[in-house]
Structures are given as C-alpha cells and as structure tokens.
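Take a look at the structure below.
The values are calculated or read from the model by the stated rules, or taken from the named source; none is laboratory data. Since the model is a prediction, treat every value here as computed from it, not as a measurement. Virtual Cβ from ideal backbone geometry, glycine too; neighbours counted across all protein chains shown.
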There are 2 protein chains.
Amino acid sequence: MALSIQPYKGTRDFYPEDMRLRKWMFDKWREVCESFGYEEYDGPVLEPLELFTAKTSEEIVDDQSYSFTDRGERKVIMRPEMTPTVSRMVAARRQELAYPARLYSIANFFRYERPQKGRLREFWQLNADIFGIEGVEADVEIIQLADALMKSFGSKEGSYEIRLNSRVLLDNKINAAEPKVEIDKIIRLIDGFEKMDELEFKAKLTEAVNKPNDLYQFLMDDRETEATKEIIEKCASLGVKVIPKNSLARGFDYYTDIVFEVFDTNDENNRSLFGGGRYDGLVGLFGVEPVPTVGFGMGDVTLQNFLQTNNLIPELKNTTDLVLATVGDVFTEANKLASGLREKGLNVSLDASDRKLDKKIKAADKQGVKYVLFVGEAELKVQKFNLKNLQTGIENQVPLSKINKTLLA
Amino acid sequence: MALSIQPYKGTRDFYPEDMRLRKWMFDKWREVCESFGYEEYDGPVLEPLELFTAKTSEEIVDDQSYSFTDRGERKVIMRPEMTPTVSRMVAARRQELAYPARLYSIANFFRYERPQKGRLREFWQLNADIFGIEGVEADVEIIQLADALMKSFGSKEGSYEIRLNSRVLLDNKINAAEPKVEIDKIIRLIDGFEKMDELEFKAKLTEAVNKPNDLYQFLMDDRETEATKEIIEKCASLGVKVIPKNSLARGFDYYTDIVFEVFDTNDENNRSLFGGGRYDGLVGLFGVEPVPTVGFGMGDVTLQNFLQTNNLIPELKNTTDLVLATVGDVFTEANKLASGLREKGLNVSLDASDRKLDKKIKAADKQGVKYVLFVGEAELKVQKFNLKNLQTGIENQVPLSKINKTLLA
C-alpha cells in the first residue's frame, strides 16, 4: 500500500511559497525585536515533563500536551510554550547575565488540540521577555514592543486594541468571593468570557460563587485602576493606546501582576491575537533568587489570519534571480557562467537538461522566477546573451558584464 | 524541591552568544543554497511513524527514534531526518511542481543516542535536494553545492576531501557474494569501516561471507569506475576535486545510485562531516510516478566542530548598536529619542532604571554592546549627547543628528 502524502493532523508542510510568507513574518519579528535591543535565543523542543507541570496551565499539560516516556524512562514533553524554558535558562545563568536582559525567540510549539481556525497542533511563536526590571518601565516597553510589531506589519489604527488588567486586583477580588473557590478555575472561566454570551457567563459564575453579581460588576467595570493607570498614561505619552479591561485574565498560572492582550476588533474575527504579562516568580522556582520578568508570546497562525483578513500580505518573490537555460551541450561553460554571476551576488539556477527551450521557460515561470538567460555556443563565443523577462515577455540581448542585481531587480 | 536548570540530556540551550554562531552558520547555508537557485521549505516535526519505517535506516527507527502513540492512538515519530518528509511533500504535489525543483531546508532532528562528540539528541541539519533530473548534471551540481558550502566558511584546500561511490556497483558486488547475505547488514558493516581498523573489519567480513577477500579487494580498490568517472571529470572541470572510494556506503536504505561524502582530513578528527546521494525511488513510494532525486544533509554539530578545529569562526557581535542610559527622570523623552534612532535603522535598547551610571555601563559591556549614549535633562535640552565607545573607552559629545549606522559601525 502506498504511503500517505498527508502531513500529520494539525501540522503544516511549508512549500516554498508558504515558506516565503513565514520568512517574511519572522524577519519582521526579528527586525522589530532587535531594534528594541532584544537578542535571539532558543531552547530544546524536548523538556523534562516536570518543568511544565510546575507552573503552566493545567489544561495544557494534562489534556493537550505531547508528553511521553523516553527510552531511558525519563518523562518528557514536547514544549507547549516557551516561558518555562526561558525561565530555566535565565535561572541557570542567574549570576552571569547582565540586566536588564532582553531576550526573544522564534520557535515551534506542540499542543494536542482539535485543529480549528487559529489553532494547530504545531505552531510557531515569537516570545519576547525582559528580565530584571521591577518597575513599570518594563511593562510599558513590552506593550510598546507589541504595538510596534503590529504596526510593522502595516496594521491600521483601530484594527486592533491593546487591553490591560492587573492579576493582583482580579485575584484579590476572586479570593474575596464566597464560598472560597479555586482561583485557577475562575480564572479559566473568565479567560473564556469573550467566547460566551453574557447570560451563559453569568450562569457559570452563579454556579461557582454565592454572590456572582459582585464579581460580575467588577469584571464589567472597565475603568483605570491604581494598578493600570501609570502604565496606560506612560503608554499614551509614547503614542500607544491601552484600554483597561477588568475581565482580562490570560490563562497561564504564572502571571503575578499585569496582563495584557492585543485584540482583533474586526467584527467577524473578534478574538485575542496574542498577549502576555508579568511573571516575577518563575525564575525563582529553580532555587535561585527570583528575577522580575514581563513578556509575551505572538503566534504565527493567528497573526497570519489577521494579516490575511486585513489584506496586509504583500506579493512575495522567489529568491532566485535568474534561470540559466542551456541550448546544446554547454554544461561546463554554462556552469562556469553561473558561478561568475553568483560571485556578483546573483541567485542563479541552471537548467542544463535537454528539454526544449519552451519547457525550460515554462518551468522557470511556474517557479516564479522573473528572468531566463539563454546560453548556447554562439552566445558564449560573443559573451552576449538573450535575457527574457517572463513577466513582460520582453527579450533583449545583453553583454555578460551588464547582468547584475540592478538589471534584474 | 527546586526544578532542574539543566536542559534535557543531549539537547542544547542556545543563549544569545550560541545563537549568534548558529545564525551565522544558518545564514551562510541559506546564502549559498539560494545562490544556486534552491528555495527553502519546511515540514512538521511530528510525522506518522510508517513514513520512516518504510525506508529510513532500520537502526535509526528501531533503536534511536523518539516515537510514541498520541492521544488519538496514532503512532508518531519526531523526525530523525528530512528525506522521507521532503519526498512525501514532492509526491503530494507531483503534478503541480515545476522541474527541476531545487529545495533546501534548515530543520531540527531527534535521535535517541548516547550523547558524544558530534552526536546529540537534538541537532540541526541543512538538507538540499534536486528533483527531476536523471542525468549526472544533478549529481555534479549537488557535489558542487556541497563544496561551495565548505568554501563559503573559509575551509582551506586539503582540510576536507569529497569521496564518491556508486551503490549500484557496491550492491552488485555484495549480491554476488556467497552465501547470500542481507545486503543492509553488509552495508552497515561497510558504513562503519572508517571507525574500525583493518583487522577488525576483515574479521567481521569473514564472519559474514565465504570469500571475504574478493569483497575486501574490491572495497580497497579506489579507482574510478564507469559509474563515477563522468561525475569526477565534470566536477574537476569545475574546480571541484572528487576522489573515488569503493568502500563508501552511507547508512540509509534508500540510496539507489551514487553516494558521496565530505570527509575531514584532519588527523585528529578523521571522520565523515556529511554526505548524501541519489535516491530515485523514494517519491514513488507514495503511489505516484517516481522522481529522480539527489541530495544531502549537513549537520550543525559536526560542522561546528570542524569550524572550531580549523579556527574558522569569526568574532560575532551583539545585534544591539547602542544602549541609551538615562540620567534622572527622563523615561518618556529618552524613549522618544530611542524611537527616533530606531527609525534611522539603529538597534537601541533603553536602560531607564535608577541604577548608577557605572552599573549601566558595566551591564552594556557585559552584553557585548559597543556604544552607550547618556541621556539627561541637560543633554535633551541642547540635543547633544555623550557617546561612549566601550571597546576604546573614548567618550565624545555628538549632536543627535550625527548618530547613525556609520558612526556606530
């Protein structure tokens, strides 16, 4: 029986045209993060399971993780998110690192989920974190960075909003509820708030606590609080609009202070694009002095959906500048010609097959290459070659010396 | 109990300085592959197990794979190599792709091995393959590309050699042996030849076949054969030296014709750096017309060892051009200044903490940033700032308008 050509459920094959889009997104991520002084790092795909049972969301580890026992009886997990890994890495060099340490990574993550819009089993995520700053400067900077990322893709004002809350305030409110409830449970309930209608949410809240109205009122009251005021003002002074949102929780158990999210305001796609917050306690779990930390993660699948909906993806070209198509038996000469052009910085592929020229042209065109250069014995003799622009159909004879980046732009 | 700060055995944390090296290697891989007209692709980390049991080396799948059953009872494997995945991807678009299709990827792979020099449980690999060419032009090009990659890192002539063999010839020779032996077993034995001394190898060969001398003589006779002559000559005409090597096998079961490897000639590190070959049959396993294919994989761990031994790794700098250190309470103004410099294309990090200036300078220096700019109220007023070069210790006052890429180079 023939093998299946399908990728594993919930994962993607990236063909060159998909890869161009991915690279374009990742390059922007890199450019913006590095412009803020963030340096790239990476960690392993496999981690000891206990690293994630300690502090990640219970739902992710228990129900959605790819975890298994290795051949040496160690329990391992394919990373479902980056925060525990980067905290481990910072803890391991607690003394050696210089602070503030600004770190970013672009890595793939794995969650066993029912594949659906915006959710896949393997996805990529930008993670950006700043370590070593207790003050709101770090909160402001990380929100500013999130905003700069959105703007770098050409997002229009009003197409997204940035929402801010304090987990301290929210957690206190929940802790004051009667009867005593499991805070994580309520947080997850609140985290799902945007996806429910008000009646459903209120019903669930009523099941959980005795006086749901108090909590409900609090969650609905989107005014600045003492905890969010300074950040909102400082962001405003830097041209970044931030909205207070008392019902914002973010699902992870490790947040200790502010949480924020970037929300898609499009009516047909009302959802959280990405978010983050402050998690001052995580590095301390590794037996070292804690380090104040704030950061966020931005996924490629939701971002790509947003960019598509908002028509923000440009036409992306093949990286190959030129196909060199041979006429007759000139393999070695054509190959040397290609090497010479590569030394000039051109990306040149060689089609030295004995197919007919129109087949070679068709193939180059199908691959999205713009130019074909024809190389036969006669051309090699005079060092002048016919160059065809496949987009316009125009063909010109050009001397070898004139073929360069500018001509082929 | 505190969580462990160690990464999972056989995997690596890439801190910024490790990442700089990795990026430098990957960027060179990309640059050279794209200069030959190869386009980047990627596939999923997880694949159905049967994709790899079909044709990869038995040793890898049975003894070294990370394979497990997912929550939906599917048997999956964390990819131990790329060839089956890219073959699957080409098969899935057999009709739509234009040929020759030149594809490359830079991806991570997983093998449960005893970690040792040059071998880790998670490693990265460049894979480059050309699909759709039956003739030796493809074999020549792929060897030429391997050589160009080695040269792009500054490898000196003679520090490596390129070895070539034909699996057709070798397999015929083994098939002619008495008694009939399992060809895969002998291939694996031959594959380990470089790591044994001659006596040990001969002894093992004697265990396996009746007339070991015939086979041994053949394996030792490193002359060009009909199958390798044309490739060796064509490569020579392009300035690429290739050596015939009858004992070269390469471990994978899918090779159908030529195999080659790049071998480290350093006496203290005599080993195969990487290699590849022709595998015309693999795409056909997916129920489509087969596609002639030749390619190779080049690992990051062995390459890095080679580059280190040969002193080929340059000093790699932090991507941050400038740390902007505040004096006094000028967070918003300094932040706006940083934004302005970023718009000029500079990578600027802001240190707005209330630490003493010498602490801020020390931190910037430790992170490998070359310049610090001091920003206080007085400086903001006159728009002139003191700029300190941390490498020379020299400090100058410069007007804001003069601060650009050239000044900070």
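Structure above, values below:
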item: Residue ID - nearest to B:Asp70 (Cα to Cα), chosen from residues in region A:1-15 that are surrounded by fewer than 19 Cβ atoms within 10 Å (Cβ to Cβ) and more than 7 Å from chain B (Cβ to nearest Cβ); result: A:Lys9
item: Residues of region A:58-90 that turn out to be aliphatic (A, V, I, L, M) and touching a Pro at 6+ places or on another chain (Cβ under 7 Å), as a count; result: 2
item: Residue check for A:Arg163: surrounded by fewer than 18 Cβ atoms within 10 Å (Cβ to Cβ) and of a type outside the set (Val, Ile, Thr); result: no
item: A:Ser67 among the polar types (S, T, N, Q), in contact with a helix residue (DSSP H, G or I) (Cβ under 6 Å, 6 or more places away or on another chain) and touching a residue at least 12 places away in the same chain (Cβ under 8 Å); result: yes
item: Within region A:99-137, tally of residues that are within 11 Å of chain B (Cβ to nearest Cβ), assigned to a loop (DSSP other than H, G, I, E, B) and at negative phi; result: 11
item: Number of positions in region A:314-339 that are touching a residue at least 12 places away in the same chain (Cβ under 8 Å) and either in a loop (DSSP other than H, G, I, E, B) or over 20 Å from A:Asn389 (Cα atoms) (or both); result: 13
item: Answer from A:Asn311, A:Asn305 - the residue that is out of contact with any strand residue (DSSP E or B) (no Cβ under 8 Å at 6 or more places or on another chain) and outside any loop (DSSP other than H, G, I, E, B); result: A:Asn305
item: Some residue of region A:267-282 being in the same structural domain as A:Leu103 (by TED's automatic domain parsing), outside any helix (DSSP H, G or I), free of Cβ contacts under 8 Å to residues at least 12 places away in the same chain and out of contact with any Ser or Thr (no Cβ under 7 Å at 6 or more places or on another chain); result: no
item: Residues located in region A:177-207, provided they are more than 32 Å from the chain's Cα centre (by Cα), farther than 30 Å from A:Asp267 by Cβ and surrounded by 13 or more Cβ atoms within 10 Å (Cβ to Cβ); result: A:Ala177, A:Val181
item: Qualifying residue in region B:53-76 (condition: of a type in the set (A, V, I, L, M), under 20 Å from the mean Cα position of the chain (by Cα), surrounded by fewer than 21 Cβ atoms within 10 Å (Cβ to Cβ) and not in a loop (DSSP other than H, G, I, E, B)); result: yes
item: In region B:77-97, the residues that are buried (at least 17 other Cβ atoms within 10 Å of the Cβ) and over 21 Å from A:Val45 (Cβ atoms); result: B:Ser87, B:Val90, B:Ala91, B:Ala92, B:Arg94, B:Leu97
item: Of all residues making up region A:104-130, the number that are more than 24 Å from A:Leu21 (Cα to Cα) and crowded, with 23+ Cβ neighbours inside 10 Å; result: 2
item: Count of residues meeting criterion [touching a Pro at 6+ places or on another chain (Cβ under 6 Å) and more than 7 Å from chain A (Cβ to nearest Cβ)] in region B:16-55; result: 1
item: Subset of region B:361-372 [at the interface with another protein chain (Cβ under 10 Å from one of its Cβ atoms) and crowded, with 20+ Cβ neighbours inside 10 Å]; result: B:Ala363, B:Ala364, B:Gln367, B:Val369
item: All positions within region B:77-98 that are more than 10 Å from every other protein chain (Cβ to nearest Cβ) and not in a loop (DSSP other than H, G, I, E, B); result: B:Thr83
item: Qualifying residue in region B:229-241 (condition: away from chain A (no Cβ under 14 Å), closer than 19 Å to B:Arg271 by Cβ and assigned to a helix (DSSP H, G or I)); result: no
item: Total residues in region B:329-343, condition of a type outside the set (A, V, I, L, M, F, W, C), over 14 Å from A:Glu137 (Cα atoms) and surrounded by 14 or more Cβ atoms within 10 Å (Cβ to Cβ); result: 2
item: Restricting region B:67-76 to residues that are within 9 Å of chain A (Cβ to nearest Cβ) and of a type outside the set (Ser, Thr, Tyr), the residue that is nearest to B:Leu46 (Cα to Cα); result: B:Val76
item: Hey, B:Arg355 at pLDDT 95 or above and basic (Lys, Arg) or not; result: no
